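Working notes, beginning with the structure itself.
The values are calculated or read from the model by the stated rules, or taken from the named source; none is laboratory data. Note that this is a predicted model, so its numbers are computed, not measured. Here Cβ is always computed from backbone atoms with ideal geometry, including for glycine, and neighbour counts include all displayed protein chains.
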Amino acid sequence: MSIVDVRSVTKEYHLGKTVIHALRGVSITIEPGEFLAVMGPSGCGKTTLLNIIGCIDTPTSGEVHIEGENVGEYTDNQGAERRLNTIGFIFQSFNLIPVLNVAENIEFPLLLTRTPKDERRKKVRRLMEIVGLDTHAAHKPDELSGGQRQRVAIARALVNDPRIVIADEPTANLDSETGKEIIEAMLRLNREEKVSFLFSTHNPEVTQYAGRIIRLRDGAIVEQPS
C-alpha cells in the first residue's frame, strides 16, 4: 500500500476578486521508502502541496489518502493525530523552541504522545547519535550553527517513528556545503530507518540525491518520470 495518494488536487486562494490557482489537478503517489523531491521556482505550489499532504492545509477539490484513509473525512482531532504519529516535519526556519536545549527539543513530540520517560530518553539519545549531536544535548538553539539546528529538526521529525517526513526547502537557509551534509543525512536516515522523505527545493544540486523528482510550474506537474 502506498503511503500517500494525491488525486486530482486543486487549491485556490481568493484575494478580493482575484483567484490564485496554487495547485491545478495534481496527482502523485508516494511509496514506502521513497526519497522524493518536488522542484520548481518560487510560487509554483511546492509549499502548498507539502502542506496539503501533511494535513496542515486542505484542498479545494480532489482527495488525499494517507495509508488508504481519505484525510478529507478526518475530524480535527483525527488530523492532529495523523500529523503527530505518521508525519514528521522539517521546516526551513528550523522552528526549534529557543528555551529548550537540543535533547528537550527532540523529546517534545514524545511528551504529546505520553511516551514513558525511559523510552523518551532512549529514543532521544539514539537520534542525537544518528545526527551527530550527542555531545550537544545541553546546548540551546542559539548556541548552534544553522546546520546543527537543522539536524535537531531532523531528529525531532523522526522521534515519533513517522512513516513519512516532509521537508520544505530544508537547505534554503544553509550554505551549499552544509546543505549537502543535511541532504546526505536525510538520505542516510531514509536508507537506514526506511522512512520516506518528501522534500521541496529549487536547487538543482540538491535534486541529484532524489530517487524521483516531481517538477511543478504554475501549480501543475510538468514532468514526473515513472
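General remarks:
- From 121, 114, residue being assigned to a helix (DSSP H, G or I), surrounded by fewer than 18 Cβ atoms within 10 Å (Cβ to Cβ) and among the charged types (D, E, K, R): 121
- Taken over segment 1-36, residues that are in contact with a Lys or Arg (Cβ under 9 Å, 6 or more places away or on another chain) and outside any strand (DSSP E or B) amount to 4.
- Single condition residue 11 does not satisfy, out of (1) of a type outside the set (S, T, N, Q); (2) closer than 26 Å to residue 208 by Cα; (3) in contact with an Asp or Glu (Cβ under 9 Å, 6 or more places away or on another chain); (4) surrounded by 20 or more Cβ atoms within 10 Å (Cβ to Cβ): (2)
- Filter result for the condition that a residue is modelled with pLDDT of 90 or more, under 24 Å from residue 50 (Cα atoms) and hydrophobic (A, V, I, L, M, F, W, C), over 172, 155, 138: 155
- Residue list for segment 79-107, filter: more than 17 Å from the chain's Cα centre (by Cα), assigned to a helix (DSSP H, G or I) and not acidic (Asp, Glu): 102, 103
- Residue among 64, 26, 4, 9 that alone is modelled with pLDDT of 95 or more and touching a Pro at 6+ places or on another chain (Cβ under 6 Å): 9
- Number of residues in segment 55-68 that are assigned to a strand (DSSP E or B) and either among the β-branched types (Val, Ile, Thr) or free of Cβ contacts under 8 Å to residues at least 40 places away in the same chain (or both) equals 2.
- Each residue in segment 34-56 was checked for being touching a strand residue (DSSP E or B) at 6+ places or on another chain (Cβ under 6 Å) and surrounded by fewer than 19 Cβ atoms within 10 Å (Cβ to Cβ), and 1 pass.
- Among (1) in contact with a Pro (Cβ under 6 Å, 6 or more places away or on another chain); (2) farther than 26 Å from residue 176 by Cα, the one test that residue 90 misses: (2)
- Within segment 108-118, the set of residues being closer than 19 Å to residue 134 by Cα and more than 20 Å from the chain's Cα centre (by Cα) comprises 117, 118.
- Top-ranked residue of segment 124-159 - restricted to ones that are in contact with a strand residue (DSSP E or B) (Cβ under 7 Å, 6 or more places away or on another chain) and farther than 14 Å from residue 183 by Cα, ranked as surrounded by the most Cβ atoms within 10 Å (Cβ to Cβ): 157
- Contact annotation: residue pairs with Cβ atoms under 7 Å, 6 or more positions apart or on different chains, pairing a residue in segment 39-54 that is part of a strand (DSSP E or B) with a partner that is hydroxyl-bearing (Ser, Thr, Tyr), are 39/201; 39/207.
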